[in-house]
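To keep things clear, I will list the structure first and then write my remarks on it.
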Ligand SMILES: [Zn+2]
Ligand SMILES: [Zn+2]
């Protein structure tokens, strides 16, 4: 498609570039260096597919709704959320457990259904986020302090323990304590019994000891 994109100009060229970038995360029509020089550039065209998806909800007026449709919507949300937190974040970005080659393909395919681009692109950007987390260079939310939040942990299947995750990203669990709801961790633990995945990275004792020293958790009686 490179030839077609280069052979036309103006809005049509922009549209073709946008379509190509939807399938090829690494494609940069103006060259990689030009993209690096503008890391904060906002590409409205890339947002259009998502805008259309949201606008599609208006179609409810014509097609109506059912409890089955609601159940399917919730199920798809949880499955895709699991694909993102369990596999894009905890596996492809941080390698917190191991799996087979076929497992890698299956997990990448599941994560892909959440339409957050490919596993390798996601992991690269996410590692960049962790590298500069809590600083102004953070690609996601600069200088903001991350928090632990139970409600967000419920909605995101465990990602709400985000301050923990920033503290130690190499652990398979993001809720560090048994009272911190982390359903993705429970599911990963169950998957490890099937040997689909293995070698879940534990939380090191030194991190718990550090939290106790800083009075971030109650001392054991
Ligand atoms: Zn992460
Ligand atoms: Zn983060």
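The values are calculated or read from the model by the stated rules, or taken from the named source; none is laboratory data. These numbers were taken from a predicted model, which means no experiment stands behind them. For neighbour counting, all protein chains shown are included, and Cβ atoms are generated from backbone atoms with ideal geometry for every residue, glycine included.
Tabulated data
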{"read-out": "Hits in the stretch 95-104 (condition: within 13 Å of ligand 1 (Cβ to nearest atom) and touching a helix residue (DSSP H, G or I) at 6+ places or on another chain (Cβ under 7 Å))", "value": "96"}
{"read-out": "Residues satisfying the stated conditions in the stretch 153-166, i.e. surrounded by fewer than 18 Cβ atoms within 10 Å (Cβ to Cβ) and more than 11 Å from ligand 1 (Cβ to nearest atom)", "value": "154, 155, 163"}
{"read-out": "Qualifying residue in the stretch 138-152 (condition: more than 16 Å from ligand 2 (Cβ to nearest atom), exposed (fewer than 15 other Cβ atoms within 10 Å of the Cβ) and outside any helix (DSSP H, G or I))", "value": "no"}
{"read-out": "Verdict on residue 134 being assigned to a loop (DSSP other than H, G, I, E, B), surrounded by fewer than 16 Cβ atoms within 10 Å (Cβ to Cβ) and away from ligand 1 (no atom under 14 Å from the Cβ)", "value": "no"}
{"read-out": "Residues within the stretch 166-205 that are over 22 Å from residue 106 (Cα atoms) and out of contact with any helix residue (DSSP H, G or I) (no Cβ under 8 Å at 6 or more places or on another chain), tallied", "value": "7"}
{"read-out": "Residue within the stretch 171-178 that is within 18 Å of residue 81 (Cβ to Cβ), within 11 Å of ligand 1 (Cβ to nearest atom) and buried (at least 22 other Cβ atoms within 10 Å of the Cβ) present", "value": "yes"}
{"read-out": "Close pairs (9 angstrom Cβ cut-off, 6 or more residues apart or separate chains): farther than 10 Å from residue 46 by Cα and not assigned by TED's automatic domain parsing to the domain that holds residue 49 in the stretch 1-21, loosely packed, with under 12 Cβ neighbours inside 10 Å and modelled with pLDDT under 80 anywhere", "value": "none"}
{"read-out": "Which listed residue is touching a helix residue (DSSP H, G or I) at 6+ places or on another chain (Cβ under 6 Å) and either away from ligand 1 (no atom under 13 Å from the Cβ) or outside any helix (DSSP H, G or I) (or both), from 107, 92", "value": "107"}
{"read-out": "Residue among 123, 86, 114, 108 that alone is surrounded by 14 or more Cβ atoms within 10 Å (Cβ to Cβ) and farther than 20 Å from residue 162 by Cβ", "value": "108"}
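So that you can scan it fast, the table gives a plain yes or no per residue for (1) touching a strand residue (DSSP E or B) at 6+ places or on another chain (Cβ under 9 Å); (2) away from ligand 2 (no atom under 15 Å from the Cβ); (3) closer than 12 Å to residue 87 by Cβ; (4) assigned by TED's automatic domain parsing to the domain that holds residue 182:
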| residue | (1), (2), (3), (4) |
| --- | --- |
| 107 | yes, yes, yes, yes |
| 112 | no, yes, yes, yes |
| 121 | no, yes, no, yes |
| 124 | no, no, no, yes |
| 129 | no, no, no, yes |
